[in-house]
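The next block holds one structure in the form of structure tokens; read it before the comments.
Derivation of every value follows stated rules applied to the coordinates shown; laboratory data play no part. Remember, it's a predicted structure, so these values are computed and weren't measured experimentally. Note that we place each Cβ from the backbone using ideal geometry, even for glycine, and neighbour counts take in every protein chain shown.
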Amino acid sequence: MSYETYYIPANFTDAGRVFGLFEIRNVIEALLLGAPVLYLCASLLPLGITAKIITTLVIFIPIAGFALIGISDDSLSRWLKAWAGWRRNRRVLTYRGEVGYSGFERAYLRREH
């Protein structure tokens, strides 16, 4: 009996990604965050065209790049939802000294098993 070896290419899980790198959700978020920045910079900056393009790109590229990459392999909206849930449900732990054992626990702990 002969066995055949199949090699799985590195890009076999690229479905649902743009350029094989960015998830579709991250691209949509980058567009939603970047479009208002592009519009506001293009319409409100009182500069020449070259200065306007440079200023717009200096502001736009970090915002869109951060949205494309995400945080800890999550999109920004997914991460913000998880962070808000953690923030809402967090608790403060305090140390209140040693806990004393009840009579049953003391007897149980002294007994050999």
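The table for this structure:
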| read-out | value |
| --- | --- |
| Modelled FRET efficiency - R0 25 Å, Arg78 with Phe19, Cβ distances, 0.05 increments | 0.75 |
| Coordinate range along principal axes, alpha carbons of region 1-101, Å, largest first | 77, 67, 16 |
| Two-site label geometry, Tyr3 and Arg91: point separation in nm, points 7 Å out along Cα→Cβ | 5.0 |
| Within region 16-79: Cβ-based charge dipole about Cα centre, in debye rounded to nearest 20 (Lys, Arg +1; Asp, Glu -1) | 160 |
| Near-label residues of region 46-68 by backbone N, under 11 Å of a point 7 Å along Cα→Cβ of Tyr39 | none |
| Which of Ile24, Phe60, Leu40, positive extreme of dipole for region 16-79 (C-beta unit charges) | Leu40 |
